[in-house]
Every structure is written in C-alpha cells, then in structure tokens.
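First comes the structure, then the notes that go with it.
Where a number appears in this text, it was derived from the coordinates with a stated rule and is not lab data. Worth saying up front: this structure is predicted, and the values here are computed from it rather than measured. So basically every Cβ, Gly included, is an ideal-geometry build from the backbone, and we count neighbours across all protein chains shown.
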Amino acid sequence: MSEIDCNMEVEPQLPVFPDSSKPCVQIWMDKFNKGMLSCNHFKEHWRVWVPSIFSPEPNNSCLDWSFDEEQAQKVLFDTLEEFICNGDPQTVLKSLSQLDNPPSICGRVFKMGEPTYYCRECGMDATCVLCVDCFKKSVHRNHK
C-alpha cells in the first residue's frame, strides 16, 4: 500500500433508507413463488437494518439513546406486513374484518375480580376465558 492509502480515514457508510418497501417485498415474493424463500431472507433484512436504525448516534451517551420510530416501522414492520398481505395491508385487514361477522368474541375487558368462564376441555391455559354471556352462547357450555 502507498503512504497515501495508509493515512486516509474511511467513514463507514450506512445503508440509505428506501423510499418504498416494494423492492424488498417484490424480491421476497419472487423467491416465495419460486419456492426459494427461507427465514434467512428475513433475517438478512433485519441483520442489515436493525443496527442502522437502533444504533446510538456517535458521540452520544448510550444512556441517552433514541431512534426514529417511523423509520423502524416503515423499514422493519411495514415490509413484513406488505409481504404477508401480498399487497396493501389495510385493504387485506379490512376485508378480513368483514369476514368476521359476527365476531367470535365480544371484546369485553374484564375488571379485577370479575368472574370469567374457562373451558377445561378446550382452554389452552388459564388466560383462555370468556364472559358469562359468550360462554352461555358458545359450544363450551356443554363441555367439562
């Protein structure tokens, strides 16, 4: 190496955030359609982007750490949603919610100490509970 090369400091280049998740999603979709997609493709995406999004800024204290939540959402989560939904997630989720009519659960939020019903036959764990009305209207009322 020449003397000039040894004295040069090279600044590390961070990846530039994409304007759209489309190219990444399209690559995953092409690989999926060819039967070549594996979990390693997703891991590689996160391996590249997580450090660049969540790394502390140079010359800042690691205790005074912040990151751009909007970029994290766009680059990490929106790309996965778009791939899983094969398009616009809002459209897909809206059509799915229309298929859930009537909903299988009432959405009741229990108060501390309020009685709940648990199906010993179907329940996976103690958190699988129903309100009184839902339990009485369900097939579980005849179970153990």
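Worth a mention:
- Too-long pairs where the Cα-Cα distance tops 24 Å, listed order kept, from 74/94; 94/137; 111/136; 111/137: 94/137
- Working from Cα pairs under 8 Å separated by at least six residues, relative contact order for the stretch 102-143 is 37 percent.
- Ranked by the mean number of other Cβ atoms within 10 Å per residue, highest first, peptides 136-144, 56-64 order as 136-144, 56-64.
- Spin-label pair residue 60-residue 110: with each label point 7 Å from Cα along the Cα-Cβ axis, the two points sit 4.2 nm from one another.
- Integer Hz, Karplus 6.51/-1.76/1.60 couplings in order for the stretch 109-116, x for Gly and Pro: 9, 7, 8, 4, x, 6, x, 10
- Here the 3J(HN,Hα) profile of the stretch 32-49, calculated from phi with Karplus coefficients 6.51, -1.76 and 1.60 at θ = phi - 60°, is 4, 5, 8, x, 10, 6, 9, 4, 5, 5, 6, 4, 5, 4, 6, 4, 6, 8 Hz, Gly and Pro shown as x.
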